Every structure is written in C-alpha cells, then in structure tokens.
Amino acid sequence: MSDRIVGAEVILTSPTRNFVTLKVTTDDGVVGYGDATLNGRELAVASYLRDHVAPLLIGRDARRIEDTWQYLYRGGYWRRGPVTMAAIGAVDVALWDIKGKTLGQPVYQLLGGAVRDRVLGYTHATGWELPALLDSVRERTERGFQAVRAQMGVPGLDTVYGVFRDARAYEPAGRGAAPVEEVWDTDAYLRAAPEVLAGLRAEVGPELKLLHDAHHRLTPQQAARLGRALEPVDLFWLEDVTPAENQEALRLVRRHTTVPLALGEVFNTVWDCQRLVTEQLIDFVRTCVSHAGGISHLRRILQLAELYQVRGAPHGPSDVSPVALGASLHVGLATPNFAIQEYMGYDPLVHEVFPHAWAYADGHLTPGDAPGIGVGLDEELAARFPYEPAYLPVARRRDGSMTDW
Ligand code: EZ4
Ligand code: CO
C-alpha cells in the first residue's frame, strides 16, 4: 500500500445547475472527491485543475495533505484568488476523503472528533411581500428549521436577486450565455427591509433565528443605518452589508450598531479574514470550504477566529456542491466555534448524482459516519447532464451604472 496518486480527473456536470468535481485516485484504487465549483466561472477552475494541477499530483503521496496544500499554494507563486483557492480546496478535500477512506474513519474523527452532536443549519425563505415571505418562512419552520434567512422584494423593482415573486425556490445562477441584468434601488430597499423584517418578527415570535443578507449592496453609512433600524428585529445576523475589499468600512458600521454582522462568502484565504477577525469587526466568518482552500485552510481560518470570539458560518447555497457541504459538516462537527451551516438544499436530481452520507433532520445537519467525506459521484448519471453556461445576475442603478448586488 503506497498511497500514490495515479489519477486526477475533473468532472463537469449540470443536474439543474453546474458543478465541477475533482476525482483523485490512488494506486490502491481509493477515490477521493473535492468540489471545485465557482459559480459562473466554472471552466476557469476546471482548466486550472486539469492543465496545471492534475499533472503535478500524479505520483505524489496522497497522505501528505498539508505538504500538498503548501506545494500548490507556495509553489504556484501567484497566490490567493478564488480560482486558485477553489482548485487547492478541491485537492485538499479529495485528499482528506482519501485519508478517511484509507483509515476507515469519517473525516471529523481525524479532525479531533466530534465537539457537538449535530450542526445547526439555516435555509433560505423568500417572498416579494410580507404575506408571501411569511408563508415561505412557515414552510421552512414546518420542516424543522430553527434558523431562516429572509429576503424580500423591493417596491418599484421588477426583480430582486434571491427573491421570487411566486413560491418557487430561486436558483442563484441563470442558464444562458450572459448574465441577466437587473435594476437596483438602494433607497427603496432601505425603506422596505426594516418594515418587512419587523412585520415578520411580529408574526413568527421571538425564538426563530432570523437572518438577512444585504448582498454587498450598501455603503458603510447605509449599512450603519440599516443595522440600527433592524436592532428591534433581533436578527441572528445581517450579512454582507457592504463590499469588504475596504475592510476599514466595517469600523464605521460597528460604531453605530450592535446588529451581529456576518461576512466573507467571497473571501478565499485567512488573509482576507485577518483584519475583520482580529479587530472584531464581524461576528460570523462565512468562508466556504470549497472556495477557501479546503478543510485544512477553513480550519486555519476558524482557529484564528476562535481567538477573537468570531464564529464560523460557512457559505452553502446550491452552488456549493454536496461534496463541499459534506466536507463543511465534518469541520462543523469537530470545530468548537462553528456556529451554523447555510443549507439552501438541492434539487432531487442533485442528491441522485451525489449520493451522500450527510443528512438533514430537525433543523440540524450531520456528516454521517461513512469513511472519508461520505459523498460519492454517480459518473454515469452525471454524464447525462453536460455543463451549460450559467451566470449570476448583474445589477444596474436607475441611471444605468453598475452596482453591487
Ligand atoms: O450569493 O450562491 O448567502 N448566500 C448567498 C448566495 C450567493 C450565491 C453565489 O454564488 O449570498 O446567494
Ligand atoms: Co450571502
């Protein structure tokens, strides 16, 4: 038994939405999977893996997870960035999967064992106006969810990213050769959001954990105002209030509101998180196992965060594949400051393509006890759904200029 890597293959599939999966095989025939999906930029990561990483993996010792991480991160010279870190993350998760399968243990056991019995999950509810949103939230709480992210429409706009006018669940990417363009109006949103969320809180009572995502749309001053306005709603968190390239901006928000802040779904290394964590400018760090360098690097981020009482709450919409969700749950079960996992859910077909040991029950998720990550890939079924171009929307202000969404 030598654990040499003999195969590293990239598999694209689109069972209702695109996923990029790395499959690593050892000379003993052990197979490990890692998620390399980067919504709307899938082919870039696929090429990075296929053209530049897979050839380097062949012949390496699959047991040397940390060394391989360092080799790909430092050895590439060009560091960080979502494409690089998603590729490294896929390799890392695949190697943890192989290690677990080789040792006959679920990955959480290799991370020190369980520190909790199950991981709290939150899901998405949307409704254009309060009654529809309330129905959507109630449907989720009836399925056991104790934490729900609530997104509403904005009067005067035709569409809002992440919100459907009818009861359908939305998909955060539209198939087609180019992104859909939406119109965005921050002032109208700032008038609508506090009223709808206050109404929702009044209806659902004090216990349900309510979350809201501002999706990077606000200036720091607008974020501070919104945070203040939402204090009586008692949110579990307010997410991505402002783009975080300029992290100084969060200081201004913090000075004016005690609303808990969550941020970091677009971050990809510990360096992106360092300042927000060490200056305690956020309460929840949202880096994802697949976009931030895998299990090894997510653990590093969460261990830094633990020193500053910042908790982990990884990204988990439908573009984070069941492989990454499984990996995240192993980290969640074994990491003390892991607060909650986003779980948007998947189309039934996605569950078929990626058979998994992880499970949802009663508002919580568990990774299961299968060796490794515990998520497989039905390659025959996957092959029936080839990649199709799909993009997140873009948004313009009423004057036609581009805005964050
Ligand atoms: O923007 O899935 O918290 N979740 C989110 C999602 C993400 C998309 C990115 O691909 O904000 O809507
Ligand atoms: Co978000």
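Details
- Under the condition of being assigned to a helix (DSSP H, G or I) and touching a helix residue (DSSP H, G or I) at 6+ places or on another chain (Cβ under 6 Å), the residues counted in the range 328-351 number 4.
- From Val154, Val160, Val115, residue being β-branched (Val, Ile, Thr) and touching a residue at least 40 places away in the same chain (Cβ under 8 Å): Val115
- In the range 377-405, the residues that are under 30 Å from Leu103 (Cβ atoms) and either in the same structural domain as Trp96 (by TED's automatic domain parsing) or buried (at least 19 other Cβ atoms within 10 Å of the Cβ) (or both): Leu377, Ala382
- Just one of the listed residues (Val119, Val83) is within 22 Å of the chain's Cα centre (by Cα), under 19 Å from Gly372 (Cα atoms) and not hydroxyl-bearing (Ser, Thr, Tyr), namely Val119.
Yes/no per residue for (1) away from ligand 1 (no atom under 16 Å from the Cβ); (2) among the small types (Gly, Ala, Ser); (3) under 29 Å from Leu307 (Cα atoms):
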| position | (1), (2), (3) |
| --- | --- |
| Val331 | yes, no, yes |
| Ala334 | yes, yes, yes |
| Ala339 | no, yes, yes |
| Asp362 | yes, no, no |
| Gly368 | yes, yes, yes |
| Gly374 | yes, yes, no |
| Leu377 | yes, no, no |
| Asp404 | no, no, no |
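- From the list Trp78, Trp69, the one residue that fits, being outside any helix (DSSP H, G or I) and among the aromatic types (Phe, Trp, Tyr), is Trp78.
- Verdict on Asp283 being within 16 Å of ligand 1 (Cβ to nearest atom), acidic (Asp, Glu), assigned by TED's automatic domain parsing to the domain that holds Val266 and over 24 Å from Leu95 (Cβ atoms): yes
- Sole residue being aliphatic (A, V, I, L, M) and more than 25 Å from the chain's Cα centre (by Cα), chosen from Ala178, Ala198, Ala223: Ala198
- Of all the residues in the range 135-156, those that are touching a Leu at 6+ places or on another chain (Cβ under 8 Å) and open to solvent by 20 Å² or more (accessible area, probe 1.4 Å) number 2.
- Residues that are among the charged types (D, E, K, R) and part of a loop (DSSP other than H, G, I, E, B) within the range 29-66 comprise Arg41, Arg60, Arg63, Arg64, listed in sequence order.
- Enumerated helices (runs of 4 or more DSSP H) restricted to the range 220-327, each holding at least 3 residues that are within 27 Å of Ala36 (Cα to Cα), open to solvent by less than 10 Å² (accessible area, probe 1.4 Å) and more than 13 Å from ligand 2 (Cβ to nearest atom): 270-278, 294-307
- The single residue among Asp3, Asp67, Asp27, Asp51 that is touching a helix residue (DSSP H, G or I) at 6+ places or on another chain (Cβ under 7 Å), away from ligand 2 (no atom under 16 Å from the Cβ), over 18 Å from Ala324 (Cβ atoms) and of a type outside the set (Val, Ile, Thr) turns out to be Asp3.
- Condition check for Tyr387: in contact (Cβ under 8 Å) with a residue 12 or more places away in the chain, farther than 16 Å from Lys23 by Cα and part of a strand (DSSP E or B): no
- Entry remark, the range 193-219: residues being more than 16 Å from ligand 1 (Cβ to nearest atom) and either surrounded by 22 or more Cβ atoms within 10 Å (Cβ to Cβ) or under 23 Å from Arg397 (Cα atoms) (or both) number 6 in total.
- Residue within the range 54-70 that is surrounded by 20 or more Cβ atoms within 10 Å (Cβ to Cβ), within 16 Å of ligand 1 (Cβ to nearest atom) and free of Cβ contacts under 8 Å to residues at least 60 places away in the same chain present: no
- Those residues of the range 18-39 which are open to solvent by 10 Å² or more (accessible area, probe 1.4 Å) and not β-branched (Val, Ile, Thr), in sequence order: Lys23, Asp27, Asp28, Gly29, Tyr33, Leu38, Asn39
- Candidate set: the range 341-355, residues that are in contact (Cβ under 8 Å) with a residue 24 or more places away in the chain and open to solvent by 10 Å² or more (accessible area, probe 1.4 Å); chosen: the one nearest to ligand 1 (Cβ to nearest atom): Met344
The values are calculated or read from the model by the stated rules, or taken from the named source; none is laboratory data. Model, not experiment: these values are computed from the prediction. Cβ sites come from the backbone with ideal geometry, for glycine too, and all protein chains shown count toward neighbours. Accessible surface areas use protein heavy atoms only, side chains included; no ligands, DNA or RNA. Shrake-Rupley method; radii C 1.70, N 1.55, O 1.52, S 1.80 Å.
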